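Q: Structure incoming, see below.
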Amino acid sequence: MDQQTRERIQSTIDTNNVVLFMKGTPQAPRCGFSATVIQILDSIGTPYATVDVLSDPGIRDGIKEFSDWPTIPQLYVKKEFVGGCDIVKELYGSGELEEKLGGKASSEPVEPPRITVTERAAKALKGAVESETEGVRFEIDGRFNYGLSIGDRTPSDIVVESGGVTLLLDKASAKRASGTTIDYVETPQGAAFKIDNPNEPPKVRQMTPKELAARFNGGEKVELLDVRTTGERETAKIEGSRFLDHAAEDALMLMPKTTTLVFHCHHGGRSQSAAEHFLAKGFRNVYNLAGGIDAWSVEVDPRIPRY
């Protein structure tokens, strides 16, 4: 790494209390790990800066050498290197990340939440536990995405017994879990766990291309945001959409939080992350275009090139 790149990295860290070196931007993360850390930071609410390493190969390679850390994203807090996605998730779960960011101390006691595991769910979960030291780890992140896995107990776990099942929760998950019911139900795709959590806030909803077209044709005011790259947009675009750059994001933040926002990308993955970002900013009518511009071309406007 050359000296100029090192100085640029050091200056960014020195001038920002919290900075995340990531792939993409907060409104359009370009990898799942970057999206996860953005979700965690958004849920805590502390202001942070970001650097898109994909837009600068020198920074992309240089930050790995600078931090002696092989992967992206990388989080710095108060000039201190915190770590990558897994470490950020671990610190967030224990409450230590909020403490680092100036929030409540991680030593604050958390009462075990009331959780109901149905008979069917208990049978399925107990069949996966292989030893007495294990339990069912139940994770709820800042966007109320859920995780169920088998793992060993740790001293920091909040332990809940329900239906003969031992549930292990980190402190952050425990704060979000009170009143939750875990069931096991049949779906068209087969049996699956169903989680009903009364604390869950509104989520990003899916809108089909035909539903969006009907809203346009009916004269409804909809902000359609394109989170793809400029190159993709030059190849194909939906008439009436707006490219989501920093200027567009600033304009959106001045709009009423009741504004209907629909995000799209190529197939729907990147736009889901962008939609979740704006949901965390307080917007209540947030949608992801199911299938992205590719589905729009197939179902609504075949004149738009597919790529």
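Q: For region 92-214, what is the charge dipole size about the Cα centre, in debye to the nearest 20, if Lys and Arg each add +1 at the Cβ and Asp and Glu each add -1 at the Cβ?
A: Numbers: 16 positive and 20 negative charges, 98 e Å.
That gives region 92-214 a dipole magnitude of about 480 debye.
Q: Quick check: with the 1.4 Å probe, what order do 266, 277 take by accessible area, largest first?
A: Heavy-atom accessible area, descending, gives 266, 277.
Q: Ignoring ligands, DNA and RNA, what percent of the accessible area of the chain is carbon or sulfur (1.4 Å)?
A: Ligands and nucleic acids excluded, carbon and sulfur give 49 percent.
Q: List the lysines whose Cα sits under 19 Å from the Cα of residue 123, skipping any in the same chain fewer than 8 residues away.
A: 194
Q: Over region 17-87, with the other protein chains present, what is the accessible area per residue in square angstrom, probe 1.4 angstrom?
A: Values: 2890 Å² over 71 residues.
Dividing the accessible area of region 17-87 by its residue count gives 41 Å².
Q: Springs between alpha-carbon atoms under 10 Å, Gaussian network over the chain: tell me which of 154, 25, 166 tops the mean-square fluctuations.
A: 154
Q: Please report the antiparallel percentage of DSSP beta bridges with both residues in the chain, rounded to the nearest 5. Each step should come with its number before you reach the end.
A: Numbers: 28 of 50 bridges.
Antiparallel: roughly 55 percent of the beta bridges in the chain.
Q: From zero outward in steps of 10 Å, how is the percent of C-alpha pairs of the chain spread across the bins?
A: 6, 23, 27, 26, 15, 3, 0
Q: Nearest 20 debye, what's the magnitude of the dipole of region 163-262 about its Cα centre given +1 on Lys and Arg Cβ and -1 on Asp and Glu Cβ?
A: Values: 14 positive and 15 negative charges, 42 e Å.
I would put it at about 200 debye.
Q: Right, another one. Near the amide H of residue 50, under 5 Å away, which other amide H atoms are found, from residues 5 or more places off or on another chain, if H is placed in the peptide plane?
A: 20
Q: Same structure, new question: With both partners inside region 1-146, how many of the DSSP beta bridges are antiparallel, as a percent to the nearest 5?
A: 70 percent
Q: Given a cut-off of under 8 Å on Cα pairs at least six residues apart, what relative contact order in percent is computed for the chain?
A: Reported as a whole number, the value is 15 percent.
Q: Determine the shape class of region 70-188: with a ≥ b ≥ c the square roots of the Cα gyration tensor eigenvalues, call it rounded for a/c under 1.5, and otherwise prolate if a/b is greater than b/c, oblate otherwise. The partial results should precede the final answer.
A: Values: a/c = 2.15, a/b = 1.85, b/c = 1.16.
The shape class here is prolate.
Q: What shape does region 180-307 take by its C-alpha gyration tensor, where a ≥ b ≥ c are the square roots of the eigenvalues and a/c under 1.5 counts as rounded, a/b above b/c as prolate, and the rest as oblate? Don't skip to the end; give the middle numbers.
A: Details: a/c = 2.00, a/b = 1.37, b/c = 1.46.
The shape class here is oblate.
Q: If you place +1 on the Cβ of every Lys and Arg and -1 on the Cβ of every Asp and Glu, how big does the dipole about the Cα centre of region 114-160 come out, in debye to the nearest 20? Let's see the in-between values first.
A: Working: 7 positive and 8 negative charges, 54 e Å.
The dipole magnitude comes to about 260 debye.
Q: Just check region 248-295 against the gyration tensor rule for me: Cα atoms, a ≥ b ≥ c as the square roots of the eigenvalues, rounded for a/c under 1.5, and otherwise prolate or oblate depending on whether a/b exceeds b/c.
A: On the way: a/c = 2.19, a/b = 2.09, b/c = 1.05.
Prolate, since a/c reaches 1.5 and a/b exceeds b/c.
Q: Any idea what diffusion coefficient region 121-257 gets from Stokes-Einstein, in µm²/s, Kirkwood Rh on alpha carbon pairs, 37 °C, 0.692 mPa s? Write down the numbers at each step before the final one.
A: Working: Rh = 19.0 Å.
Answer from the Stokes-Einstein relation: 173 µm²/s.
The values are calculated or read from the model by the stated rules, or taken from the named source; none is laboratory data. Everything quoted here is computed from the prediction, not taken from an experiment. All Cβ positions, glycine included, derive from the backbone under ideal geometry; neighbour counts span all protein chains shown. Remember, those area values only see protein heavy atoms, side chains included, never the ligands or the DNA or RNA. Shrake-Rupley method; radii C 1.70, N 1.55, O 1.52, S 1.80 Å.
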